[in-house]
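Here is the structure we will look at, set down as structure tokens.
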Amino acid sequence: MRRLALVGNWKMHTTPSQARELARELRERLEGIRDADIAVCPPATSIPAVAEALAGSNIAWGAQNAHWAEAGAFTGEISVSALRELGCTYVIVGHSERRHIFGESDEMVAKRLVWVIASGLVPILCVGETEAERELGQTEKVLTRQLERACADIEEPPAMVAYEPVWAIGTGKRAEIGDMEMAHRFIRERLAARFGSKAQGVRILYGGSLKPANVAELASSEEFDGGLVGGASLSASSFAELIARAIERRNH
Ligand code: PEP
């Protein structure tokens, strides 16, 4: 089995001072946990505060997006060199909120992915179908398109892929274990078709209404390499409990 990874996506929540507090509390609660890779991705403006609070701990931090150029006339964007300087380990790429609210195309996602990998940061490539696409039976078609386009210009597979069905994000409707397993297996097959045996090392995370109360069932599956967690990562107690339950189930 691959090592478990649990990553909190704080989205546009927390000011720098709130983020510092949340990170400090997480550090206290998660100290000593060695059975999973743990990370949080705060808003870019809160990364310095989080970096300070988590330095030297077992919790890494990352960003929610990154641009594909070293620097330049790209108002509102964030460079990978700035993220590296802030000690980031991870970068989320292609989150569905970026795709669906801000119109990021598969091509933009592909460019970001190239640059993130080249810079030595660890990408978390997000893919997933909308509710309408699911109802039309297009899940596999959508996953194939997103993966093929995102991976068009890279030689190595992304270290992490998050399967995040859009209908499950922030809705309280978590995917059933069978749906998660089918999607994760399919994603790995597509990655294997493109990258061969290297696909075996990719960690496929699930994201979408993951909570302390519902993580254990998914964590019992070999297809679950971890979670990308939105709402439940905004409270130190719920994120810590979710992590503890996932590890407990995995070690069971
Ligand atoms: C996310 O934003 O990546 C996510 C999975 O959100 P939530 O856990 O709130 O559904």
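The values are calculated or read from the model by the stated rules, or taken from the named source; none is laboratory data. Fair warning: this is a prediction, and the values are worked out from it, not measured in the lab. Cβ sites come from the backbone with ideal geometry, for glycine too, and all protein chains shown count toward neighbours. All accessible areas refer to the heavy atoms of the entire protein, side chains included, with ligands and DNA or RNA removed. Shrake-Rupley method; radii C 1.70, N 1.55, O 1.52, S 1.80 Å.
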*asked:* Quick check on my filter: what residues within the stretch 29-43 are open to solvent by less than 60 Å² (accessible area, probe 1.4 Å), away from the ligand (no atom under 16 Å from the Cβ) and not in a loop (DSSP other than H, G, I, E, B)?
replied: Leu30, Ala36, Asp37
*Is there any pair with a first residue in the stretch 93-114 that is among the polar types (S, T, N, Q) and a second that is away from the ligand (no atom under 15 Å from the Cβ) and open to solvent by 10 Å² or more (accessible area, probe 1.4 Å) whose Cβ atoms are under 9 Å apart and which are 6 or more apart or on different chains, and what are they?*
Ser105/Arg149
_Checking Gly72 against (1) without any contact (Cβ under 8 Å) to a residue 24 or more places away in the chain; (2) not in a loop (DSSP other than H, G, I, E, B), the condition it does not meet_ = (2)
*Restricting attention to the stretch 119-142, report how many residues are under 26 Å from Leu6 (Cβ atoms) and surrounded by fewer than 23 Cβ atoms within 10 Å (Cβ to Cβ).*
9
_Here is a check on your reading of the model: is Asp179 open to solvent by less than 40 Å² (accessible area, probe 1.4 Å), modelled with pLDDT of 95 or more, out of contact with any helix residue (DSSP H, G or I) (no Cβ under 7 Å at 6 or more places or on another chain) and acidic (Asp, Glu)?_
no
*Identify all residues within the stretch 75-107 that are within 27 Å of Leu6 (Cβ to Cβ), in a loop (DSSP other than H, G, I, E, B) and of a type in the set (Val, Ile, Thr); write none if there are none.*
Ile78, Thr89
*Select, from Gly120, Gly103, Gly128, the only residue that is modelled with pLDDT of 95 or more, in contact with a Gly (Cβ under 8 Å, 6 or more places away or on another chain) and at positive phi.*
Gly128
_Subset of the stretch 233-252 that is modelled with pLDDT of 95 or more and not in a helix (DSSP H, G or I) - its residue that is most open to solvent (accessible area, probe 1.4 Å)_ = Leu234
*Within the stretch 154-187, which residues are β-branched (Val, Ile, Thr) and more than 17 Å from Gly201 (Cβ to Cβ)?*
Val166, Ile169, Thr171, Ile177
*If you take the residues of the stretch 1-28 that are buried (at least 16 other Cβ atoms within 10 Å of the Cβ) and of a type in the set (Lys, Arg), which of them is nearest to Ala244 (Cα to Cα)?*
Arg27
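Filter the stretch 73-117 down to the residues that are in contact with a Pro (Cβ under 7 Å, 6 or more places away or on another chain) and away from the ligand (no atom under 16 Å from the Cβ), then identify the one that is farthest from Asn58 (Cα to Cα).
Residue satisfying both the conditions and the ranking: Leu113.
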_Filter result for Ala60 (part of a strand (DSSP E or B), at pLDDT 95 or above and more than 16 Å from the ligand (Cβ to nearest atom))_ = yes
*Checking Gly76 against (1) open to solvent by 20 Å² or more (accessible area, probe 1.4 Å); (2) under 16 Å from Leu234 (Cβ atoms), which single condition isn't satisfied?*
(2)
